[in-house]
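**Q** Structure below; questions to follow.
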Amino acid sequence: MKELIVERLKPVTLVGAGAIDPGDLEMSLALAPTLVAADGGARVALEGGHSPVAVIGDLDSLAPDVQAELPPNVLHHVTEQTTTDFDKALRMIAAPVVLGVGFLGGRLDHQLAAFNTLVQPHPSPCVLLGPQEVVFHLRGEVGLSLDAGELVSLFPMQPVTGWSEGLEWPIKGLHLDPMARIGTSNRATGPVRLRADGPGMLVLLPRARLGMVVAALMA
């Protein structure tokens, strides 16, 4: 593993260059006050009036005029081209939770790459904020204080089993697989507990539950 660039005891916001709804960056910073940019996300941060403590990536999406606005010690050039800038940044951040904005919405191929990155082994859990949902990788067990009827979608990025409490359609005993059975469009019957027996399970919840998800992943 490469040397960590950002280490914090509180959650970190990671901003990408994708589509961001108005107010999303401020919403994230209220929960995760340290701001890091993945490559071209630095432009998004500066346009929003924020200066990142670090910009991580291959920097091929960072225009010279944007680079000129940043102190040289903030720029961290990672030259390898086999991973996305989102992946590069996550590998170099250690925090209780990383909150990602600017990675969902916009181009579909970028969103698929973001989901792939979420299930890779990284030092910190990550929550992605999208236009309608929040998405995170289920690493172990998590408790969620949901109300009856709320959407809980589970999508396996690889074959995986798990356990649930508080879902209308429990997943205990099921073998979820992207090429066979998946777990989208499930619903809570009240507070939910979820556990994955291995890596690969994405959880999608309503975006209004962002704060609750961040707190749950820190518990």
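The values are calculated or read from the model by the stated rules, or taken from the named source; none is laboratory data. If you're wondering where the values come from, they're calculated on a predicted model, not measured in any experiment. Don't worry about glycine lacking a Cβ; one is built from the backbone with ideal geometry, like all the others, and counts go over all protein chains shown.
**Q** Scan the stretch 189-209 and report the pairs whose first residue is over 16 Å from Glu168 (Cα atoms) and whose second residue is modelled with pLDDT of 95 or more and among the charged types (D, E, K, R), with Cβ atoms within less than 7 Å and a gap of 6+ or a chain change.
**A** As it stands, the answer is Pro206/Glu133; Pro206/Glu150; Arg207/Glu133, since those pairs meet every condition given.
**Q** Taking the criterion of being touching a Pro at 6+ places or on another chain (Cβ under 6 Å) and either part of a strand (DSSP E or B) or modelled with pLDDT under 95 (or both), would at least one residue in the stretch 101-116 satisfy it?
**A** So the first thing to find is which residues in the stretch 101-116 are touching a Pro at 6+ places or on another chain (Cβ under 6 Å), and the list is 105.
So of that shortlist, the ones also either part of a strand (DSSP E or B) or modelled with pLDDT under 95 (or both) come out as 105.
Checked against the condition, which is being touching a Pro at 6+ places or on another chain (Cβ under 6 Å) and either part of a strand (DSSP E or B) or modelled with pLDDT under 95 (or both), the stretch 101-116 yields at least one hit.
**Q** Take the stretch 96-105 and flag every residue that is crowded, with 24+ Cβ neighbours inside 10 Å and either β-branched (Val, Ile, Thr) or under 15 Å from Val213 (Cα atoms) (or both).
**A** Listed by number, the residues that qualify are Val98, Leu99, Gly100, Val101.
**Q** Further question: Whether any residue in the stretch 85-96 is outside any helix (DSSP H, G or I), under 24 Å from His137 (Cα atoms) and of a type in the set (Val, Ile, Thr) is what I want to check.
**A** Looking only at the stretch 85-96, we keep the residues that are outside any helix (DSSP H, G or I), and these are 92-96.
Now restrict to residues that are under 24 Å from His137 (Cα atoms): 92-96.
Now drop any that are not of a type in the set (Val, Ile, Thr), which leaves 93.
Taking every residue of the stretch 85-96 in turn, at least one turns out to be outside any helix (DSSP H, G or I), under 24 Å from His137 (Cα atoms) and of a type in the set (Val, Ile, Thr).
**Q** Can I ask one more? Take Gly149 and decide whether it is on the phi > 0 side of the Ramachandran plot, within 17 Å of the chain's Cα centre (by Cα) and surrounded by fewer than 16 Cβ atoms within 10 Å (Cβ to Cβ).
**A** Working: on the phi > 0 side of the Ramachandran plot: yes; within 17 Å of the chain's Cα centre (by Cα): no; surrounded by fewer than 16 Cβ atoms within 10 Å (Cβ to Cβ): yes.
Considered against the rule, which asks whether it is on the phi > 0 side of the Ramachandran plot, within 17 Å of the chain's Cα centre (by Cα) and surrounded by fewer than 16 Cβ atoms within 10 Å (Cβ to Cβ), Gly149 comes out as no.
**Q** So, in the stretch 14-71, how many residues would count as being more than 21 Å from Met92 (Cβ to Cβ), assigned to a loop (DSSP other than H, G, I, E, B) and among the aliphatic types (A, V, I, L, M)?
**A** Qualifying residue count for the region: 3.
**Q** Same structure again: Could you grab me the full set of residues in the stretch 120-142 that are exposed (fewer than 15 other Cβ atoms within 10 Å of the Cβ) and assigned to a strand (DSSP E or B)?
**A** Within the stretch 120-142, just Glu141 meets the criteria.
**Q** List the pairs whose first member sits in the stretch 154-166 and is farther than 11 Å from Leu202 by Cα and aromatic (Phe, Trp, Tyr), whose second member is modelled with pLDDT of 95 or more and in a strand (DSSP E or B), and whose Cβ atoms are under 9 Å apart, counting only residues at least 6 apart or on separate chains?
**A** Trp163/Glu141; Trp163/Arg193; Trp163/Leu194; Trp163/Arg195; Trp163/Ala196
**Q** Would you point out which residue out of Asp39, Asp65, Asp58 is over 24 Å from Leu210 (Cβ atoms), modelled with pLDDT under 95, touching a Ser or Thr at 6+ places or on another chain (Cβ under 7 Å) and not small (Gly, Ala, Ser)? Reasoning before the result, please.
**A** Values: Asp39 fails: over 24 Å from Leu210 (Cβ atoms); Asp65 fails: touching a Ser or Thr at 6+ places or on another chain (Cβ under 7 Å).
That would be Asp58, the only listed residue that is over 24 Å from Leu210 (Cβ atoms), modelled with pLDDT under 95, touching a Ser or Thr at 6+ places or on another chain (Cβ under 7 Å) and not small (Gly, Ala, Ser).
**Q** With the requirement that a residue be within 16 Å of His137 (Cβ to Cβ) and assigned to a strand (DSSP E or B), what does the stretch 165-183 give you?
**A** Answer for the stretch 165-183, where residues must be within 16 Å of His137 (Cβ to Cβ) and assigned to a strand (DSSP E or B): Leu176, Gly183.
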